[in-house]
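Some notes on the structure that comes next.
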Amino acid sequence: MHKANKKYISIIVGSLLILAAVIFGLRHDAGLYSTPVAQVTAITKTTSTAETDSFNNHDRRIVQHVRVRLLNTKRRGQTVVLRNTYVKSQALDFPLRSGQQVFLTHSKDGYQLNDTKRDTLLGGLLVVTVLLLIIFAGKHALVTLISITLNAAIFFWGVHHELALQGKGPWLLVGGLALVFTVLTVLFVIGVRPVAVCIALSTVLATALSVALGYGIMTGTGYHGIHLETVKYVTQQPQLIFFFQIVIGSLGAVLDETSDISVAIFQLPASRKERFMAGMAIGRSVMGPLIAVLFMIFMADTFVETILWLRNNNTIAYTVSWVMGLGFTQSLISAFGIVLAVPLTSGLAALLPGRGQEA
């Protein structure tokens, strides 16, 4: 017991030291940036003015006179005075506080505020995530981290490749990325085993069928009530981005479900019929929570915009249709995949040879 306590204390102390070292390093890494970085030393003056827009929304516009000290470039150590204007609601801007680090833009007119420097916070959160993964996942943590890193690298490569192709063959790229994500994740988590074939195949089939079903329904109805023009940050091919969000969003949930069903069935020394029925029972018990989680993920992305629409005197029905409609549709199509994955996975797992399977 004493050795176990010493082990846990060593792990906690070591983790805190690593976290402190990373935060300290990122806090003092301004020299690595070519963009001017400065630290706020004082807020010298603040003025506030009340504002009311055409929809009778009340806000306050606040102007800060900020003194900052440059942390890099040839003018390192010099003091600069800036103006930072923001509104109290902070919809598009933000206040500055003493000790905060910011990026600046340098022009012939002097320095202007660009954005806050967030690498310290993001790096700290990343280190905490990795440390918690190592502590609780143990030897499996490395495999998980490698899988996540590879998938992220492939995703960024895919986005870069799509930009280079200028919109040629996007559906093939989306399908290929989904297939690669699935196979890589299964191989790293499960390994080269018969159950991995079942998980990967059923995941890809269920996701493809759900997207095809959703596409068929919306094409048949002429996308009535679906406002693809509200897809964020898209000026071309909003339909592609809409379905790509569905594929990426639902792939993890479907993979989780097929893994639970497949691993459980492959351990059953029973007939194919009994294994199939067991898989159906497992699937029915897990698909409800998975659908609920996906629904909350898709809908949560619309909450901020929904509040803005309602604050600007739009009706609830109009706001739901234009803002929350896409999230609801995406969660519904993803639910198709979760439901379809149950019989697909159960059937494939029952057909493939498992431990002690009877004819």
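Side notes on the structure shown:
- The sole residue among 345, 319, 315, 306 that is surrounded by fewer than 18 Cβ atoms within 10 Å (Cβ to Cβ), of a type in the set (S, T, N, Q) and more than 19 Å from the chain's Cα centre (by Cα) is 315.
- Candidates in segment 57-81 are the residues that are among the hydrophobic types (A, V, I, L, M, F, W, C) and touching a Lys or Arg at 6+ places or on another chain (Cβ under 8 Å); of these, the one that is farthest from residue 41 (Cα to Cα) is 62.
- Selection count, segment 93-111, where residues are surrounded by 14 or more Cβ atoms within 10 Å (Cβ to Cβ), among the polar types (S, T, N, Q) and under 19 Å from residue 62 (Cα atoms): 1
Residue-by-condition table, conditions (1) open to solvent by less than 60 Å² (accessible area, probe 1.4 Å); (2) under 21 Å from residue 302 (Cα atoms):
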| residue | (1), (2) |
| --- | --- |
| 195 | yes, no |
| 198 | yes, no |
| 213 | no, no |
| 219 | no, no |
| 242 | yes, yes |
| 249 | yes, yes |
| 255 | yes, no |
| 261 | yes, no |
| 266 | yes, no |
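- Entry remark, segment 1-24: residues being out of contact with any Ser or Thr (no Cβ under 8 Å at 6 or more places or on another chain) and either in contact (Cβ under 8 Å) with a residue 24 or more places away in the chain or under 30 Å from residue 85 (Cβ atoms) (or both) number 5 in total.
- Pairs where the first residue, in segment 98-125, is free of Cβ contacts under 8 Å to residues at least 24 places away in the same chain and the second is surrounded by 13 or more Cβ atoms within 10 Å (Cβ to Cβ), C-beta under 6 Å, 6+ apart: 115/103; 116/102
- Answer residue from segment 200-211, given it is free of Cβ contacts under 8 Å to residues at least 60 places away in the same chain and among the small types (Gly, Ala, Ser) and is most open to solvent (accessible area, probe 1.4 Å) among those: 208
- When 299, 324 are screened for being touching a Gly at 6+ places or on another chain (Cβ under 8 Å) and under 25 Å from residue 251 (Cβ atoms), only 299 passes.
- Single match in 59, 109, 115 (criterion: under 28 Å from the mean Cα position of the chain (by Cα), modelled with pLDDT under 90 and either farther than 23 Å from residue 26 by Cα or among the charged types (D, E, K, R) (or both)): 115
- Highlighted here are the helices (runs of 4 or more DSSP H) found entirely within segment 214-316 that include at least 3 residues which are out of contact with any helix residue (DSSP H, G or I) (no Cβ under 8 Å at 6 or more places or on another chain): 272-300, 303-311.
- Annotation note: of 167, 158, the sole residue that is open to solvent by less than 40 Å² (accessible area, probe 1.4 Å), modelled with pLDDT under 85 and assigned to a loop (DSSP other than H, G, I, E, B) is 167.
- Checked across segment 322-335, the condition of being open to solvent by 40 Å² or more (accessible area, probe 1.4 Å), free of Cβ contacts under 8 Å to residues at least 24 places away in the same chain, part of a helix (DSSP H, G or I) and not β-branched (Val, Ile, Thr) holds for no residue.
- Residue within segment 226-239 that is among the hydrophobic types (A, V, I, L, M, F, W, C), open to solvent by 20 Å² or more (accessible area, probe 1.4 Å) and out of contact with any Leu (no Cβ under 9 Å at 6 or more places or on another chain) present: no
- Residue match in segment 278-288 (condition: under 29 Å from residue 158 (Cα atoms) and free of Cβ contacts under 8 Å to residues at least 24 places away in the same chain): no
- The lone criterion from (1) surrounded by fewer than 17 Cβ atoms within 10 Å (Cβ to Cβ); (2) of a type in the set (A, V, I, L, M); (3) more than 30 Å from residue 11 (Cα to Cα) left unmet by residue 146 is number (3).
- Qualifying positions in segment 91-101 - assigned to a loop (DSSP other than H, G, I, E, B) and under 25 Å from residue 34 (Cβ atoms): 93, 94, 96, 99, 100
The values are calculated or read from the model by the stated rules, or taken from the named source; none is laboratory data. Since this is a predicted model, take the numbers as computed values, not measurements. Please note: Cβ atoms are built from the backbone with ideal geometry, for glycine as well, and neighbour counts cover all protein chains shown. Quick note on the areas: whole protein, heavy atoms, side chains included, nothing else; ligands and nucleic acids left out. Shrake-Rupley method; radii C 1.70, N 1.55, O 1.52, S 1.80 Å.
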